[in-house]
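Quick notes on the structure that follows.
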Amino acid sequence: MDSYPLEYILHHTALLGISGLGGGSEKAGGDATEQQLLAALLARNSVSPWDDNNHNQSHSPNHGQAAPARKPYFRVVTEWGIDRRESAKLTPRAQTSVLYPDGIMTPLWLRRHRDAAPAVVVHFLRLRSSYPPNQSNQQQIAAQHQISQEIDSAAIAAVNAVRKRVADSCCQQAKFSLVLILDQLPAAYPALESRIQTLRRACALDSRNSLFLLPPPSGSPNEIDDFVNGIQKHLYENAVNYYREHGRRIRKKKSKLAPIGVRPPPVTPVANPIPNLIDIDPIAPPAQPLNPMGWSVRYDFKMAVFAEFRQDLDTATLHYLEAYQTLIDMFHSTLAVGNFSGGNGAEVLVPFTQRWTEARTLADSISIKICKLALYADTPLPAMNQFQKHISNFKCLPEFAGDLSGSAANLSIPGLRTLSAVVPGNGSFEYWAWISKQCRVFGELIELSTKLGLRLPFPPPGSAITSALSATTIISAQSLLTTLSTASTHLSTGESLVTSFGPLSTSVPSIVVQNAGYYYYSAALCMQERSVRFKKSQELAHKYPPPQSIAAIAAATARAAEVQTDHAAQTIELLTKSYEQFKRAKHGRMTLFLAAQIAHAYERAGRDDMGLKFFERIAKTYRKEAWMDGILGAIVSTGVDCARRLGKRRAVVEGLVEMVCEDVVGEESRRVQAWEEVLRILNGSDGDSIQKVDEGRVDVDVDMDTINAFLKIGWQFFKPNSFVRESARFQVTVSTHGLPTSMRLHMIRVLFSNSTLDNLWIDNGENSNSAVSEKVAFIDFSSTIRSVDPNSEAPLAVKSRKISIAHGDLSITPGTKKIFEGQIIPTVAEDVKIKAVVLILEGNSGTLRLNYNVSERTNENTIRRKWFSKSDNAADLRPRFIALNGYGNLSTTRIIQKQPKLTLSLIHAAPILLDEIYPVTLQLKNEEDDDLEGTVEIDFRNFQSSDRAGEEDKSSQIVKDKIILLQTQGVETPQSSSSAASSSTNINLFENFAAAAVVAGLKKQVEAPISDHGLNKIDFGTIKAHSSASVQFYVRALKHPGERSINVSVDFRVLHIPSPFDVDEHVDHLENEYKFHKTESFKVQCIKALECAFVQQPRAVPILSQLDEDSLGLSEAGLFSGELNIDFQRSFGWTLIGTLKTHSPVDLVVRSTRFSNGALIDGITVKVKLVGDEISGSQAQLMKQGDTRNYVFHVIVQSDVLQPLSEISVGGLVIEWKRKQADENDWVFSVIRFPSFDLSYPDVWALLDLPGETKVGNPISLSYRIQNSSSTTMLDLNVLVEPSDAFVFSGYKALQHMRLLPLSERILKFVTVPLISGSCKLPRVKVTRHVVTVADEDETNGTGLSEEIVPLYIAGGGPAEDIVVYVSPSSYQ
């Protein structure tokens, strides 16, 4: 739109002139209030009329109706005023006017009303005031009054001067307003109100719309903006009236014009309406005064402008349409004359003149205005209607006619046939330049509307309007325009769009408002056609000079101006704008197409570097989406041409390699030419066909995965897993896909993730008889040699690395699949992956490497894996493929370190007996063909130990030398046993191992106990192939029987013979990788060798020990010293019966058994007597499994009477034993603890000493020992002897109130005579004591005495209720 006068194109708004704020030619200055007012007023100039419009295509019921009322705003200027004498020069009647005599309109008239003739003038004046004088001082009052009169007189003079300027330099209808900037409020200064009224009356100002007061600033942030908005709102109606009066004045002038006559309908131009446009006279006819049609156009245009100034856009659109139609009638009336150079009075506008050009510019501007206002009103269809109508109306202009001779009339771009229809000669370059400009302008308008919310395409596809418009496309252009207008009318009435898809719903783009990029692209196509037409016009002008005429002179002038136009730059600019629009709308296909068009435009402009860059960029997407022959082929071919002209041989080779693929170029001859050119470039025989910018060898690396390859690669590992130092086979398949001729590769390089495994296959130059069939050939490269890479590009430090090299036939024949088989022998355990396959073709001047990056491909193939297997029968030429597990291509194989066969076993005499030092032998058997060496770690643990979590398991010990355990005999020698009779658990008796060693009778130096459970890093040396080695160690299990584990962990390596695949410089690394680890756990059973069950029974002993004089402190020394030492000792007695039993499945030898005291509490004395003989060394006994031996112990515990005790451990039984087959030095000490003795006796009890043998008639004595163990209570006891049928007795049957002192006892003896033989109950002796009972609060019985039975025990036995004895018959019975 910038190519047209801005006054014609810009939107018109009411003009507001201001003065008194220091802007424009006035002297700069003023305080902050004036500056803020000026800034707020000028800020409104940046507001666009589009900002107040809401382009919302929601199709609401009122959609398309008149635009809503817009916010009143002005365009503010500080410099205004017009010269009335200059204004008179803007009419065609004035001879000094630029329009004299037949000009229609000039932008100068619009400029005057837009910039210099304000509708409203506002003058800002600060009304100065001083503080109120002292009312008591008349002189001050008079002086102040005099000063105020002088200020007011100056203000009145200034206001009248501005009003006079408005009257002289503006229209009479311009509105004048005054804004008084106050220093004080009238409430604070009463005289201020009278001064304001005086000023208003003196200046004849209306108090409502002509005088405004701005109070002093109050500090509000929006105070100034609110005041400015309020002024504009009050004055806007005055501006509307101002421009309305101008419109009425123009309407009166138009009404005085002579009638124009009935306008003919729009003329549809014929194919060649003016055959003699060039052969006219060179002299233009004399200018005639402007006729009524011209004046009508002028007046309609002015009325439209004034309507636009007052924002009456509907009225403005109507007047613009009237002016446009009248202007079109003027053009058509001229063109209807056959020979207008002679002049017959009918012509209004003379072609090829300045007025003709001005009228064209005015018509274009009015058309743009109509489209702009339609889009502003949110009615895009009328805008498109006007755009298409304007193009149709001007196709018949004489300067737009093209050359009709020969092929010059043919279009270079077939897509422009619609725009070139009915234009003679398909249009001149001027026509295509004009069409390009129209499309671009309309695209800019659509782009602006789209940013503000217009949804495209409009109407939406499938709507009722679109279907109706599509149906009319088969009629005529005029019917189409009528239908468009009708459809727009439907929209303006608020009718909704009903979706109704039909076969023609979206087939005609001209009936739908498209994306702005569509119009930019159309403008670019027209620009290309313009360039072609201009070149042809230049050729024709030089070849056939035209005769002198107005048309020839105008055409020569146009060609001279066209030379300065950069067609390529403008084409690229338009295509880029179109690309951006479609990209913003996310039309991916169109953006790719436009990118290709931009690349072609750069190519045509000679900018091959930019063209090549675009071609390479868009080719990636076309390859990805498989747009092959036709689209991608043309892009790649054009890119090759660009690279060829740039001299980039590498880019040429890359493009030619892709062109060999039949998917890209379907024509075989072109593929042959492309491949031959590749070979010529590699051999340096391409001559001067390419300007060589990159001198030297041409080494080209082509990533075949990013282009369409003419050779397809397949790969396959035979197995997904393999072992170190064993062959892992793989196959590489090469198949052709468009290769036009046979070729021979020089090398194939297979790259692996471990570079030491790379394979290099070199062509031997021979055609081997490798064909399996007509379509399959097989080459075996399994037999390779390890050699230094001849073409290594690695750094000097690793250039000597070796790879596998083989030689064979590398010829490739079209239509034949070539299968190459190779192998790798890895030396380390890892995942080996085929990284890439490189096909290398070498020439005298270059190398072509076709890289297939296997590692970057994803295995999405659903075809079953297969492996080619060549038949052993040479006559069998059928290809054989073996189906493998899995799908697709297997590019990775896992190399596993094969575990050497090392067998571990334990040799020992199971089971392990607790407390013994147990020898175990670990045997390691090598079943490999190579020697082994390494170390072993052995761990002995009890995982079911009852020790608390987190504590060390001290019950499992392991050593390499048993001397260590022999020195710690008795340190940790617990043995667990339990007895149902005693319900006690046997645990370790000794907490201090030094004391235990003394108890055990050891005189050796005692070392620290074992702190861990394992033997670490025992070197078993070198085990020869198929040989064994052994490691002996000793274990000892303590405390807990059950299952234990011996865990063996072996770290070893195989002593390999060096392999050709080993890398010499990494020997240490490989040795570390040869390390193997084997772990095995052995379960062993640990049982108790001996177990002892104990039964404890109370035994009658004196409750108090005997006291001598020394102990009581009654000795002479004690008496003379004055000290009395009274030491009471209380005694407890038990009989302990122990049964020792053998659990060992092997025979044991018990050498000794003896009692040993344990750790006692201070003040406790323990006396233990073994009834019978102890086992000594000379009395060693052999005990088999299940053998038992009984022991009886009398235990007396003495303690202080005042010392509280509950239970006590007195010691244990020490047993010395060994296995029968063991050596004499392998004696084992086991300590079994006595059960704890309960010292919490009842405070009173009775013990009965049973008699010996009883016979009928023989008297026996029964002794009852009643003991009071309380140290503070005296007991009152009752004794009652109950009668018995089996016995008679003598003595008291009852004893009442028998007193028993604390810590005393009384023995009652009864003599009884058995009467009958057999098992008889003894007479029951019932001992009771008086107990005081206290009743609870809820009980009815009160406090009283009750009797409690004293428990009775058998001396050496347990509690007794009914005692039964066996009575033997008498001898005489």
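The values are calculated or read from the model by the stated rules, or taken from the named source; none is laboratory data. What you see is a predicted model, and the numbers here were worked out from it, not measured in a lab. All Cβ positions, glycine included, derive from the backbone under ideal geometry; neighbour counts span all protein chains shown. Protein only, heavy atoms only, side chains kept; ligands, DNA and RNA dropped before computing areas. Shrake-Rupley method; radii C 1.70, N 1.55, O 1.52, S 1.80 Å.
Structure summary
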quantity: Rounded, prolate or oblate (a/c below 1.5 giving rounded, otherwise prolate when a/b exceeds b/c) for region 610-690 by Cα gyration tensor; calculated: oblate
quantity: Accessible heavy-atom area order of Y236, Y1191, Y1366, highest first, probe of 1.4 Å; calculated: Y1366, Y236, Y1191
quantity: Charge context of D1226, other residues only, Cβ under 13 angstrom, K/R +1, D/E -1; calculated: +1
quantity: Heavy atoms of Y887 accessible to a 1.4 Å probe, total area in Å² rounded to 10; calculated: 140 Å²
quantity: With all protein chains modelled, accessible area of Y602 [1.4 Å, Å²]; calculated: 20 Å²
quantity: Residue-span extension gain [D1147 to I1354] - 0.36 nm each, minus C-alpha spacing; calculated: 70.6 nm
quantity: Charge context of E1091, other residues only, Cβ under 14 angstrom, K/R +1, D/E -1; calculated: +3
quantity: Computed accessible area, W715, all protein chains, 1.4 angstrom probe, square angstrom; calculated: 20 Å²
quantity: Exposure ranking of V1084, V422 by accessible area [1.4 Å probe, largest first]; calculated: V422, V1084
quantity: In region 552-599, trypsin sites (Lys or Arg not before Pro) in a DSSP loop with at most 14 other beta-carbon atoms within 10 Å; calculated: K586
quantity: Charged-residue dipole, Cβ positions (Lys, Arg, Asp, Glu), region 1270-1328 about Cα centre, Debye nearest 20; calculated: 40 debye
quantity: Cα-Cα over 19 Å, subset of K369/K583; K89/K302; K577/K648; K960/K1184; K898/K925; K451/K583; calculated: K369/K583; K577/K648; K960/K1184
quantity: All lysines inside 26 Å of K1309 as judged from Cα atoms, apart from same-chain residues fewer than 8 positions distant; calculated: K1255, K1293, K1321, K1326
quantity: V672/I896 FRET efficiency (R0 56 Å; Cβ-Cβ; nearest 0.05); calculated: 0.65
quantity: Net length gained if the chain between A204 and F723 were fully extended (0.36 nm per residue, minus Cα distance); calculated: 175.5 nm
quantity: Local electrostatic count at D206 - Lys and Arg +1, Asp and Glu -1, tallied over other residues with Cβ under 15 Å; calculated: +4
quantity: Exposure ranking of K256, K962, K719 by accessible area [1.4 Å probe, largest first]; calculated: K256, K719, K962
quantity: Proximal lysines relative to K833, as straight alpha-carbon distance under 18 Å, when same-chain residues fewer than 8 apart are discounted; calculated: K719
quantity: In range of the label at A541: residues from region 419-453 whose backbone nitrogen is under 20 Å from the point 7 Å along Cα→Cβ; calculated: 424-437
